[in-house]
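Before any comments, here is the structure.
The values are calculated or read from the model by the stated rules, or taken from the named source; none is laboratory data. Since the model is a prediction, treat every value here as computed from it, not as a measurement. We place every Cβ from the backbone using ideal geometry, glycine too, and count neighbours over all the protein chains shown.
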Ligand code: ARG
């Protein structure tokens, strides 16, 4: 188990709020990062994005108000087991490692980690040999990159947007990020620099997380998610951000 996940377990101090306690208070506390557009990000001062809308819709189904909090990506699962909030929704892929430390809901979308580079840059895992690659710390992209043979260097950054800045500044040859983020960011930076996507390195299911053993809350979140997947609410949120339905098929 890596250090971060060991810390998640070690810092599990007080009891997490169960669904009953949350329901009695009327408000669910949800944390995200706020720097992973279009999944979770700030539009000016307003926290928004696909995951913010999805979580708000799930909470509405459960008759709850939401109190949003934002933290650095690599501290989100730790804070969960310290009971700083009830739920994390921040594009966490379900991995066996993470599942030891937290509980995951059913996935709210399916995606994958993709290579992004400049014209003429490395497009495949093989091409990455001898190259310097940027990635956000604590992510499944980092784990995937660590398995690619022959890399010159992996540069880890606190935020995914840092990877793009460093690619554009020419400090790295490529980066790995979410395939939907890649699409959005390439468009957003098109005027400054032409970037392209390469191979998808792996696929993953992305889910909400709650504190270890808080299984009753997982069940309720799954109920809410199931409802919005069935009643068209999820579909319209997804199409608003991606012009397609990104649910797991
Ligand atoms: N899907 C990747 C993972 O599971 C990246 C998530 C990054 N999320 C974020 N809010 N920056 O690690």
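If I go through region 213-239 residue by residue, how many of them are over 15 Å from residue 62 (Cβ atoms), without any contact (Cβ under 8 Å) to a residue 40 or more places away in the chain and surrounded by 12 or more Cβ atoms within 10 Å (Cβ to Cβ)?
3
Taking the condition away from the ligand (no atom under 16 Å from the Cβ), surrounded by fewer than 21 Cβ atoms within 10 Å (Cβ to Cβ), modelled with pLDDT of 95 or more and outside any strand (DSSP E or B), does residue 190 pass? Spell out how you get there, then give the answer.
Values: away from the ligand (no atom under 16 Å from the Cβ): yes; surrounded by fewer than 21 Cβ atoms within 10 Å (Cβ to Cβ): yes; modelled with pLDDT of 95 or more: yes; outside any strand (DSSP E or B): yes.
Yes; evaluated as a whole, the condition is true for this residue.
Starting from residues that are out of contact with any helix residue (DSSP H, G or I) (no Cβ under 6 Å at 6 or more places or on another chain) and assigned to a helix (DSSP H, G or I), keep the ones in region 98-108 and report whichever is nearest to the ligand (Cβ to nearest atom). So that I can check it myself, show each step before the final result.
Within region 98-108, the first condition is being out of contact with any helix residue (DSSP H, G or I) (no Cβ under 6 Å at 6 or more places or on another chain), and the residues that meet it are 98-100, 104, 107.
From what is left, the residues that are assigned to a helix (DSSP H, G or I) are 98-100.
Values: 98: 8, 99: 12, 100: 15 Å.
Among those that are out of contact with any helix residue (DSSP H, G or I) (no Cβ under 6 Å at 6 or more places or on another chain) and assigned to a helix (DSSP H, G or I), it is 98.
Could you look through region 109-130, keep only residues that are in contact (Cβ under 8 Å) with a residue 60 or more places away in the chain and not in a strand (DSSP E or B), and pick out the one that is farthest from the ligand (Cβ to nearest atom)?
Just the residues of region 109-130 that are in contact (Cβ under 8 Å) with a residue 60 or more places away in the chain, to begin with: 109-119, 121-125, 127.
Of the ones still in play, those that are also not in a strand (DSSP E or B) are 119, 121-125, 127.
Values: 119: 25, 121: 21, 122: 20, 123: 21, 124: 20, 125: 17, 127: 22 Å.
Ranking the qualifying residues of region 109-130, first place goes to 119.
Out of region 29-59, which residues are in contact (Cβ under 8 Å) with a residue 12 or more places away in the chain and away from the ligand (no atom under 14 Å from the Cβ)?
29, 53, 57, 58, 59, listed by residue number.
Need the failing condition index for residue 70 against (1) touching a strand residue (DSSP E or B) at 6+ places or on another chain (Cβ under 7 Å); (2) modelled with pLDDT of 95 or more; (3) buried (at least 18 other Cβ atoms within 10 Å of the Cβ), just the number.
Result: residue 70 passes all but (3).
Consider only pairs whose beta carbons are under 6 Å apart and that are at least six residues apart or on different chains; among these, list those whose first residue lies in region 74-85 and is on the phi > 0 side of the Ramachandran plot and whose second residue is outside any helix (DSSP H, G or I).
Here the result reads 83/14; 83/16, each pair linking region 74-85 to a residue that is outside any helix (DSSP H, G or I).
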